[in-house]
Amino acid sequence: MHKNILWCLLLAAVPAQAELSELNESELQETSGQSGITLSARVEFDEGTRISYTNDDADYLDGQDYWLIIENLTGAIEMKGLRLDLVSDFGPSGNEGALQWTLPDEIIFDELKTDGIYMSSDRETDTSSRFLLGVEVDGSLQFPASTTMSIFATD
């Protein structure tokens with residue numbers, strides 16, 4: 001669950017910027033085709049940053065809506081080299097399409113911490129909110145191999 005929360009934070013907070021420039025004929029001839037997207041980003045959180053999330057489509061057994069709340073998030077998180085590709089040679093017969101997600105080469109935590117992550121029936125924490133965990137991370141996480149996840153349709 002912790003990894004999912006961090007990925008959601010990263011993907012929600014990463015601003016995208018692109019620039020297109022015209023290539024002349026000689027530059028175009030030297031260009032080779034590449035697929036996919038490689039993302040590197042750093043997200044910094046100021047003192048007092050609060051994130052709350054609810055899933056409006058969830059259908060809980062008790063009929064209640066629940067919020068995931070991150071209180072007082074500070075520090076920074078940086079990822080280097082997250083890759084997303086569309087592949088067409090996936091599956092046992094090698095003819096299925098899939099979205100292939102290659103984990104970043106490195107994730108750097110720069111004094112990333114929070115007062116707590118809570119589950120609550122309200123958007124704000126109160127005495128009835130359930131404390132799930134506290135986080136304090138400083139250092140880097142490196143992936144020694146290209147670890148990929150593939151997402152594909154099934155029957």
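The values are calculated or read from the model by the stated rules, or taken from the named source; none is laboratory data. Just so it is clear, the model here is predicted, and its values are computed rather than measured. Methodologically, a virtual Cβ is constructed for each residue, glycine included, from the backbone with ideal geometry; neighbour enumeration extends over all protein chains shown.
Computed quantities for the displayed model
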{"item": "Positions within the stretch 104-133 being among the aliphatic types (A, V, I, L, M), surrounded by 14 or more Cβ atoms within 10 Å (Cβ to Cβ) and in contact with a Leu (Cβ under 7 Å, 6 or more places away or on another chain), in sequence order", "result": "Ile107, Ile117"}
{"item": "Which numbered condition Glu124 misses (of (1) modelled with pLDDT of 95 or more; (2) closer than 17 Å to Thr49 by Cα; (3) of a type outside the set (Lys, Arg))", "result": "(1)"}
{"item": "Long-range neighbours under 9 Å by Cβ, at least six apart or interchain, first residue under 26 Å from Asn72 (Cβ atoms) within the stretch 98-122, second among the polar types (S, T, N, Q) and buried (at least 19 other Cβ atoms within 10 Å of the Cβ)", "result": "Gly116/Thr125; Tyr118/Thr125"}
{"item": "Identity of the residue in the stretch 49-84, of a type in the set (A, V, I, L, M) and out of contact with any strand residue (DSSP E or B) (no Cβ under 6 Å at 6 or more places or on another chain), that ends up surrounded by the most Cβ atoms within 10 Å (Cβ to Cβ)", "result": "Ala58"}
{"item": "Test result for Leu84, under 30 Å from Ser146 (Cα atoms), at pLDDT below 85 and of a type outside the set (Lys, Arg)", "result": "no"}
{"item": "Pairs where the first residue, in the stretch 42-64, is in contact (Cβ under 8 Å) with a residue 24 or more places away in the chain and under 28 Å from Pro104 (Cβ atoms) and the second is charged (D, E, K, R) and in a strand (DSSP E or B), C-beta under 6 Å, 6+ apart", "result": "Arg42/Glu78"}
{"item": "Selection within the stretch 127-155 - hydroxyl-bearing (Ser, Thr, Tyr) and modelled with pLDDT of 90 or more", "result": "Thr127, Ser128, Ser129, Ser140"}
{"item": "Condition check for Phe109: of a type in the set (Phe, Trp, Tyr) and within 19 Å of the chain's Cα centre (by Cα)", "result": "yes"}
{"item": "Residue that is surrounded by the fewest Cβ atoms within 10 Å (Cβ to Cβ), among those in the stretch 89-98 that are in a strand (DSSP E or B) and modelled with pLDDT under 80", "result": "Asp89"}
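Let's see how each residue does on (1) modelled with pLDDT under 65; (2) assigned to a helix (DSSP H, G or I):
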position	(1), (2)
Pro15	yes, no
Glu22	no, no
Glu27	no, yes
Ser35	no, no
Thr38	no, no
Arg42	no, no
Tyr53	no, no
